[in-house]
Amino acid sequence: MDETQKAVQRLKRGEIGGLETLVARHQVRAVRTAFLVLQDEAAAQDVAQDVFIRIYQRIRHFDEGQPFEPYLLKSVVHAALNLARRDRKFTSLNGDLGEIESLLTSDDTPEAQTEANQRSQQILTALDKLSPRQRAVIVQRYYLEMSEKEMAESLNAAPGTVKWLLNAARARLRDILNPERSSQ
């Protein structure tokens with residue numbers, strides 16, 4: 001039994017230390033996931049915090065036979081989408097990119113790192129031009145590595161709808177990243 005499973009069991013017994021362990025272990029990824037959807041660091045932190053509180057309040061409904069992190073991240077994406085729909089307020093990704101760049105770059109030669117940083121900036125700029133729902137499917141598929149079936153369950157949508165959203169988001173990203181291609 002790993003540390004996360006033990007923390008869930010502790011939390012189900014009413015031990016707040018279980019929540020502390022879950023937060024310590026999963027908060028960074030939860031905030032990054034929310035940030036990719038919302039593009040607002042403060043809002044992403046709020047979403048992650050709210051999701052952890054909801055998990056604490058509803059932990060008795062969590063099936064211990066299922067992995068915790070996918071459950072958490074699905075909840076984060078759903079909460080981030082709800083906030084984006086509710087507020088209709090989006091900030092630019094041109095702010096502090098330190099957290100997100102670490103997701104998109106690797107430790108290679110200085111030249112490769114520079115090239116990766118430039119590509120990261122292009123991707124972030126392109127993501128900024130997508131709708132929150134399109135960003136959510138891109139985040140779920142490529143950053144959280146969720147299957148289309150998992151995405152459909154997470155978004156409460158038909159698999160066909162998820163495929164359509166994902167294809168539309170990819171096409172939009174291609175058009176943004178390769179404008180000369182779309183003008184041909």
Can you tell me which residue within region 1-32, out of those that are of a type in the set (S, T, N, Q) and either within 12 Å of L72 (Cα to Cα) or in the same structural domain as R135 (by TED's automatic domain parsing) (or both), is modelled with the highest pLDDT?
Q27
Would you mind stating whether F35 is of a type outside the set (A, V, I, L, M), outside the structural domain of A152 (by TED's automatic domain parsing) and surrounded by fewer than 23 Cβ atoms within 10 Å (Cβ to Cβ)?
no
Tell me which helices (runs of 4 or more DSSP H) are completely within region 69-159 and hold 3 or more residues being modelled with pLDDT of 75 or more and among the aliphatic types (A, V, I, L, M), or say none if there are none.
110-128, 132-138, 148-155
What number of residues within region 1-50 satisfy the criterion of being on the phi > 0 side of the Ramachandran plot and touching a residue at least 60 places away in the same chain (Cβ under 8 Å)?
1
Of everything in region 53-85 that's more than 13 Å from V37 (Cβ to Cβ) and of a type in the set (K, R), which residue is surrounded by the fewest Cβ atoms within 10 Å (Cβ to Cβ)?
R60
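The values are calculated or read from the model by the stated rules, or taken from the named source; none is laboratory data. Bear in mind that the values here come from a model prediction, so they are computed numbers and not experimental data. No Cβ is skipped: glycine too gets one built from the backbone with ideal geometry, and neighbour counts run over all protein chains shown.
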